[in-house]
1. Rounded, prolate or oblate for region 172-262? Axes are the square roots of the Cα gyration tensor eigenvalues, ordered a ≥ b ≥ c, and the cut-off for rounded is a/c under 1.5.
2. Given R₀ = 41 Å, FRET efficiency for Phe270-Leu456 by Cβ-Cβ distance, to 0.05?
3. Along the Cα→Cβ direction, 7 angstrom out, place labels at Phe538 and Trp195. What is the inter-label distance in nm?
4. Kindly provide the trypsin sites (Lys or Arg not before Pro) of region 223-263 that DSSP labels as loop, not H, G, I, E or B, and whose Cβ sees at most 11 other Cβ atoms within 10 Å.
5. By how many nm would the segment from Met251 to Leu503 grow when fully extended, if each residue of separation counts as 0.36 nm and the alpha-carbon distance is taken off?
6. Given +1 on the Cβ of Lys and Arg, -1 on the Cβ of Asp and Glu, and no further charges, what dipole in debye does region 175-283 carry about its Cα centre, rounded to the nearest 20?
7. Given Cβ point charges of +1 (Lys, Arg) and -1 (Asp, Glu) and nothing else, what value in debye, to the nearest 20, does the dipole of region 290-365 about its Cα centre take?
8. ³J(HN,Hα) across region 219-234 via Karplus (A = 6.51, B = -1.76, C = 1.60, θ = phi - 60°), whole Hz, x for Gly/Pro?
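The values are calculated or read from the model by the stated rules, or taken from the named source; none is laboratory data. None of the values given here were measured: they were computed from a predicted structure. No Cβ is skipped: glycine too gets one built from the backbone with ideal geometry, and neighbour counts run over all protein chains shown. Please note that ligands, DNA and RNA were not included when accessible areas were found on the heavy atoms of the full protein model with its side chains. Shrake-Rupley method; radii C 1.70, N 1.55, O 1.52, S 1.80 Å.
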Amino acid sequence: MIKLEKRNIGLMALFLLILGTIAVSAQESAGLLEGKVSYITGDNIYVRFASTEQIENGDTLFIREETGLTPALLVDHQSSISCLCSKLGEHTFKVDDVILVRTKRPVKEVVQLQEELPENDVNEQVLITQEPTKEPSRTQDINGRLSMSSYSNFSNEADNIHRFRYTLSAKASHLSGSKISAETYVSFTHKLSQWDVVQENLNNALKVYSLALRYDINASATVWAGRKINPRIANVGAIDGVQFEYKFKNMFAGIVGGSRPDYQDYGYNFDLFEYGAYVGHGKKTSHGFMQSSLAFFEQRNTGNVDRRFVYMQHTNSAIKNLILFSSLELDLYKLENEKPTNTVSLTSLYFSARYRFSKRLSLFGSYDNRKNVIYYETFRNFADEILQQASRQGIRARINYRPVNGFIVGVSAGTRFRDEDPRPTKTLNGFATWTKVPALNASLSITANLMQTSYLDGQVYGARLSKDLVSGKLYTMLHYRWVDFQYVNTLTNLQQHIGELDLSWQFRKKLYLSANYEATFQDQQLFNRLYLNLRIKF
């Protein structure tokens, strides 16, 4: 293991972050075609569209956050209604996530810098383009989706569990042609026969992830009020308060003031005051873009400093077929022996690179060095734990190759280690996918996953067959996995046979129904899981 001094690491990352002079320009984007994630296996994502007529191998697919688009997937192979894709970064996906692609029909589309919501540990921020600041037309547009889901787990060895989840996501732009817009994302989750948990504290079930109003002062200045995750500083999380942003020429800047959601039930907690500011700029190039941003934030708990930090990141695709991303987080505050100290400590360093040699071959690699974030006031009762700021480092690499059209193989490997681990975690994954099996007119994927952690050695092998039974309407998938885990500190081992059946049905233009059944056989035990989802768009 190569050890680097923290100061040298910080200087290298800072050098990467401030490279170049950057400016934002406008472009004519194409129309947008919407699809959704239908299946996930390892680093490969399957996306279904009504038609892939205007999609080609090598195209970039996007996710939408707020009013902008973020590159997220690269098309490795496409059939008539489905695309097999590889990730462009560290985004986290789940089945039914909405994916967008630009079509060849020109439509004026305003897109701006956006970040993936912080579902995983590393947030990647990418700039596409931005329209010049001019007074936009104000036309009311209201859209959203309502989702109802049930999760049931039942077996011959344990109590049955039934969980229900209802979500509402909606956006209303320029209400009645005004400068006011609104957005919300709310979920309500509860278990059958456990309504007392909800009655004890509504926030145990109700989670408000976004509930905010926006006012466009002019084409350059915007103010938000309410709970909102700011895509410019998504690593901070949701903010309950007021956020102001101003865009000028090729730069943007903003200030934020409010509080954090409660760290126990995600409700409102105005004792967790926070404030901060951010600034950034970018440049469109012949092969892509460059973008840099800098944010400062201070978080408090009942008036005392909880955390103070600086976050910087840089994205660069100025070199043809190469995408670079780096982020750096520095903590500026430390509490030792009940005495506050101003200090500079590296909390997080992340760097990734993806290079596409050709439409058939691509390579991705990343380095991750992070420490546990310390909130000195919030978790001050755990003094023994926070005095040791555990560090975690990880290295990942992935290569995808398509020897012939319709067939793609890939291998990925990674290692992650912490000082307290008896041995590092290592993973090796491989897959082979035949996107159109003759006679069946279906897609077949074979996977293998080997892993070594601090407490087990494991291997998982699987095969997946997917097919559209009714083109664009009814989709089905069969999946089998064999699991073998050997625990290193005991004589026990775990072997499982897992079967899965998935059906997705679009029986109206804006009405979707999906069902997923999974059975796990283990010794003499049988575990069943049933997932049902009804989604309505409006």
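1. Prolate, because a/c is 1.5 or more and a/b exceeds b/c.
2. That gives a FRET efficiency of 0.40.
3. So the two model labels end up 2.5 nm from each other.
4. On the way: sites: Arg227, Lys228, Arg232, Lys247, Lys249; in loops: Lys249.
Hits after loop and neighbour filter: Lys249.
5. Values: separation 252, 0.36 × 252 = 90.72 nm, distance 4.67 nm.
Roughly 86.1 nm would be gained on extension.
6. 660 debye
7. Working: 10 positive and 6 negative charges, 137 e Å.
Roughly 660 debye, rounded to the nearest 20.
8. 5, 9, 10, 9, 10, 10, 9, x, 9, 7, 8, 7, x, 6, 9, 5
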